[in-house]
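The values are calculated or read from the model by the stated rules, or taken from the named source; none is laboratory data. Here the structure is a predicted model, which means the values were calculated and not measured. Using ideal geometry, Cβ is built from the backbone for each residue, glycine included, and neighbour counts are taken over all protein chains shown. Please note that ligands, DNA and RNA were not included when accessible areas were found on the heavy atoms of the full protein model with its side chains. Shrake-Rupley method; radii C 1.70, N 1.55, O 1.52, S 1.80 Å.
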Amino acid sequence: MTANPSPTLTDLITRPRDFFTALRGLTPNNTRYLWLVAVTGLISGLYAALMQKPVQDAMHSIPGVPSGAFGLVTAVLGSLVVTLLMWLLLWGLGSLGAGKDGRAAEVFGAAFLPSLIVSLILLPITALFPLHVNVAAPSFAGLEGKELAHAIQTYQLAIQKDIGGQPLSIIGRVLGYLGMAWQFYLAWVGFGVLTGDRQKALKGVLIPLAVFLLLGGAFWLLGQAASKMVGGA
């Protein structure tokens with residue numbers, strides 16, 4: 001009797017249907033691609049840390065602002081935690097739509113590969129061509145308490161706006177959105193192969209996508225409100 005071939009990540013990129021067909025022949029294992037989720041979180045965190053390094057450097061001399069090393073560790077660990085939580089959320093929401101046969105933990109775990117690829121592309125580019133802060137630092141001399149906190153927040157928002165408008169940041173966001181679209185496409189293919197039901201496959205993708213869009217919109221609105229409060233204070 002011939003053993004079922006193990007799916008490879010190369011197949012997931014080039015032949016996703018073959019990948020999930022091979023996966024269907026394996027015993028279900030919710031943590032099969034947990035390693036991929038963790039690696040994606042770590043690499044994404046390194047990329048985020050490099051993107052934020054100019055901000056850390058610009059604010060390093062301000063009293064009470066953590067050092068750049070602290071910011072690096074925070075970005076990496078924070079990204080790892082957020083990525084793991086995202087996987088758990090996708091697992092739960094995907095299971096609501098695709099059902100048990102959809103094996104959402106494995107499908108969405110494997111589907112983190114596009115995010116890993118995007119981070120691996122952007123990481124060396126960001127290291128070789130780092131962002132630069134073009135905002136002059138204000139004088140914080142004599143400021144204390146709320147006045148100092150407000151001045152720091154205003155300066156940080158100005159830096160973030162400057163960094164966010166630079167070509168590398170725009171390219172990063174575009175590739176990030178493309179990676180997310182690719183991720184949900186792979187999940188749709190995976191659910192379709194594993195369940196054999198197009199309606200379940202669609203639900204398995206649309207339910208988490210709708211929730212993520214709502215959460216993203218809520219965080220964006222909160223960010224806009226916070227920016228207006230700082231700017232108007």
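Couple of notes before you dig in:
- Index of the failed condition, F140 passing every other in (1) among the hydrophobic types (A, V, I, L, M, F, W, C); (2) loosely packed, with under 15 Cβ neighbours inside 10 Å; (3) at pLDDT below 80: (2)
- Filter result for P167 (surrounded by fewer than 17 Cβ atoms within 10 Å (Cβ to Cβ) and either touching a helix residue (DSSP H, G or I) at 6+ places or on another chain (Cβ under 7 Å) or among the hydrophobic types (A, V, I, L, M, F, W, C) (or both)): no
- Near pairs, Cβ below 6 angstrom, 6+ apart or cross-chain, from the range 159-188 (not in a helix (DSSP H, G or I)) to any residue that is not basic (K, R): Q166/L131
- Check on F184, at pLDDT 95 or above, surrounded by 14 or more Cβ atoms within 10 Å (Cβ to Cβ) and of a type outside the set (K, R): yes
- Taken over the range 13-43, residues that are touching a residue at least 40 places away in the same chain (Cβ under 8 Å), assigned to a helix (DSSP H, G or I) and surrounded by 15 or more Cβ atoms within 10 Å (Cβ to Cβ) amount to 14.
- Residues in the range 107-122 that are over 30 Å from S95 (Cα atoms) and open to solvent by 40 Å² or more (accessible area, probe 1.4 Å): I121 only.
- Filtered residue count, the range 123-136, keeping only those that are open to solvent by 40 Å² or more (accessible area, probe 1.4 Å), touching a residue at least 40 places away in the same chain (Cβ under 8 Å) and part of a loop (DSSP other than H, G, I, E, B): 4
- Some residue of the range 67-87 being under 30 Å from F140 (Cβ atoms), at pLDDT below 95 and not in a helix (DSSP H, G or I): yes
- Test for G204: is it modelled with pLDDT of 95 or more and small (G, A, S): yes
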